[in-house]
Every structure is written in C-alpha cells, then in structure tokens.
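S.K.: Here's a structure for you.
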Amino acid sequence: MNIFEIIGFGLLGVLILIFFYYVPFLLWLSAKVSGVSISLIQLFLMRIRKVPPHTIVACMIEAHKADLKEISRDGLEAHYLAGGHIERVVHALVSASKANIDLTFKMATAIDLAGRDVFQAVQMSVNPKVIDTPPVTAVAKDGIQLIAKARVTVRANIKQLVGGAGEETILARVGEGIVSSIGSSESHKSVLENPDSISKLVLKKGLDAGTAFEILSIDIADIDVGKNIGAQLQMDQAEADKNIAQAKAEERRAMAIALEQEMKAKTQEQRAKVIEAEAEVPKAMAEAFRTGNLGIMDYYKMKNIEADTSMRENIAKPASDKGSKGIK
C-alpha cells in the first residue's frame, strides 16, 4: 500500500465521518424504532441551523412515549433557538401530565424563558415546599418584645409563574403579618398562650396574592421573649428629661453667675465712686478752714461724733467677732 492509497483511505474516512455527522443515520433509525416521524433531511437541516439533533430527537421520543401530542419538532427547535431548556420543558410536561396538572407547551416554554425552573415548579405543585422564615421581632402593646419563627408551606401556582413574585416576597409578607399580629395583641402572654392566632390572622390577609406560590399553611415554630421595650423606652425618656432639666439648670446657673458678676462690677464701681468722694473730703475741709466756714471747735465735734459712732458699732458687734479680733 503506497502513500496515495493511505491518503485516499484517510480522506474517505473523513468524508464518512462528516456524512454521518450531518446525516445522523443511527439517530434517525432510533427515532423510527421509537415511533417518532422524522426524516434524514430534517436532521441534516438541524445541523445546518446549529440545533443539536440528539437533544431534539430525545425530547420527541420522551413526548411520544408520554402521549403528548402538542409537542412538535418545530416548537422544540424554536424554543431551543430562543435560549430555552427543551429537556426541562419536556420533563415538566410529562410530570404535569402524570399529575393531572393543566400545563400546556406554550405556558411551559413561557415559564422557562422567564427564567424559572418549570420542572421544579411542577414538582413543587405535586410536593409542596416548606420555607423557614428568619426570626421576626415584634412588640406587643404591653411593651414586651417577642421573637417568632414560622414555617410556611407553599405550593407553586403554575398560572402565576410568569410575572409572579418569588419566595422573598412571601417571606416579607409573612414577616409583616407576624409583626402586625403581635403588635395588635394586648399582652405578650396571650400570644404565648395562643400562637395559632398569629397563623390565622396572617392567613386571612391573602399574602399569596400576585405571587408564584399558593400558601397552604403557616405554622409558628418558635416564640422567644426578648427585651422589655416599653420599660427601655420609659428609661430613655426619663434620661432625656433629666438631661433637659440639667441643661436648663445649667443655663439658669450661668445666668445667675453672670448677674452676680454684673452686680459685683456695679458694687466695685460704686465703691470706687465712694472712695473718690471720700478723697475729696479732706480737700473740702481744708478749703472750709481757709474760707472760715469751718472752725476748730466744729472739727473736734465732728471727730467726737465719729469716735462715738465707732464705739457704738463695736458694742453692737457679736462677742465672737470681738474675740477673734483680740486673738489677732
């Protein structure tokens, strides 16, 4: 065997592989055996359109065995080219058919293109899901804080999966309902005695409206007693009132100190005026002596009056003041 024969066999092998790649004969045979009507031309055109024939044929075989008449090759190709998950859609349709759930191919593809797992939604419709809420803190009317945890049993609402709110909305609404229920209770003891009252009140609100789920039940799993918020608020209010009173007292004290300083300044000013006036007395007396308006006898009389006044003041003072002066 020369080199040309080897090259010829190699080219022949490559051509055979290319032929069976674009014309998957074995896949066509498998479809025919399974009862699916599809031609080799259609499989060839799938390769040209970059649609995986194996995936399409597998989905068509599954749909045919489940007796799903509405699933067609064109519909599967269109959904694949639109970015959908055809295997997930077919699995969901088969499960819905077995569970007697009204789900059409158009609705399933719409749910899938909306970004939701349609197969998981069908499973959740058959087997409801339990969602645990995070701890919800609320305060009863008596000021006692309660911390509640709930378990929400939900079932997927197929008709609301497109455009319906998700689990986050359910959790937020349930938390809001728990806060409202506890907040409307007169005492935290009544809530602890009848936790099912929370579930009944929350269920009456229709929290699943506009969501992709249907709430089947809400069970209060745990309730813990937290802080005495009412007493804490009263303490904070008392502390605030005390601070306000202290601030006002400090303001009055500062005003009193300022007034005292002002009075001292006025007293000092008056004393200065008195001292200044007293300094003028000797000058006036000297002037009176020179002009003859004051005689020597008048001067001595004035001195006697001053001495008598000083003696009377000393007599009127308490004995303790006299003793302290004697010690000094």
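S.K.: Taking springs between alpha-carbon atoms closer than 10 angstrom, which of Ala286, Ala140, Ala307 fluctuates most in the Gaussian network model of the chain?
M.R.: Most flexible of the set in this elastic network: Ala307.
S.K.: Dimensions of the chain along principal axes (Cα, Å, largest first)?
M.R.: 167, 70, 37
S.K.: Still on this structure, please answer the following. Suppose the chain between Val274 and Ala221 were pulled fully straight at 0.36 nm per residue; how much longer would it get relative to their current alpha carbon spacing?
M.R.: Stretched fully, the Val274-Ala221 segment lengthens by 10.2 nm.
S.K.: Based on DSSP H runs of at least 4 residues, each adding -39500 (n - 2.57), what is the mean residue ellipticity at 222 nm of the chain after dividing by all its residues, to the nearest 500 deg cm²/dmol?
M.R.: Values: 14 runs with 217 residues, N = 328.
It comes out at -22000 deg cm²/dmol, rounded to the nearest 500.
S.K.: Okay, next question. Need one number: convex hull volume per residue for the stretch 131-259, Cα atoms only, in Å³.
M.R.: Considering the Cα atoms of the stretch 131-259, their hull volume per residue is 131 Å³.
S.K.: Over all distinct alpha-carbon pairs, what is the Kirkwood Rh of the stretch 23-101 in angstrom?
M.R.: That comes to 12.8 Å for the stretch 23-101.
S.K.: Please identify the trypsin sites (Lys or Arg not before Pro) of the stretch 25-63 that satisfy two criteria: DSSP loop assignment and at most 15 other Cβ atoms within 10 Å. Which are they?
M.R.: Sparse-neighbourhood loop trypsin sites (Lys or Arg not before Pro): Arg49, Lys50.
S.K.: Under 5 Å between amide H atoms, partner at least 5 residues away or on a different chain: which partners does Ser185 have, H built in plane at 1.01 Å?
M.R.: Under 5 Å from the amide H of Ser185 lie the amide H atoms of Lys141, each far enough along the sequence or on another chain.
S.K.: Could you check the spin-label model distance between Ser190 and Arg312? Points 7 Å from the Cα along Cα→Cβ, value in nm.
M.R.: 8.5 nm
S.K.: Hey, another quick one. Keeping every protein chain present and rolling a 1.4 Å probe, give me the accessible area per residue for the chain in Å². If you can, show how the numbers build up before the last one.
M.R.: On the way: 21390 Å² over 328 residues.
Using a 1.4 Å probe on heavy atoms only, each residue of the chain averages 65 Å².
S.K.: If you don't mind, another one. Give the carbon-plus-sulfur fraction of the accessible surface of the stretch 160-269 in %, rounded to a whole number; probe 1.4 Å, heavy atoms of protein chains only.
M.R.: 54 percent
S.K.: Distance between Cα centroids, the stretch 138-152 to the stretch 22-81: provide it in whole Å.
M.R.: The two parts, judged by their Cα centres, are 58 Å apart.
S.K.: Which of the GluC sites (Glu not before Pro) across the stretch 182-243 are loop residues per DSSP, with 14 or fewer other Cβ within 10 Å?
M.R.: Here the GluC sites (Glu not before Pro) that fit, given the DSSP loop and packing criteria, are Glu186.
S.K.: Work out how much length Met235 to Asn293 would gain on full extension: take 0.36 nm times their residue separation and subtract the Cα-Cα distance, in nm to one decimal.
M.R.: Between Met235 and Asn293, full extension yields an extra 12.9 nm.
The values are calculated or read from the model by the stated rules, or taken from the named source; none is laboratory data. These numbers were taken from a predicted model, which means no experiment stands behind them. Don't worry about glycine lacking a Cβ; one is built from the backbone with ideal geometry, like all the others, and counts go over all protein chains shown. Protein only, heavy atoms only, side chains kept; ligands, DNA and RNA dropped before computing areas. Shrake-Rupley method; radii C 1.70, N 1.55, O 1.52, S 1.80 Å.
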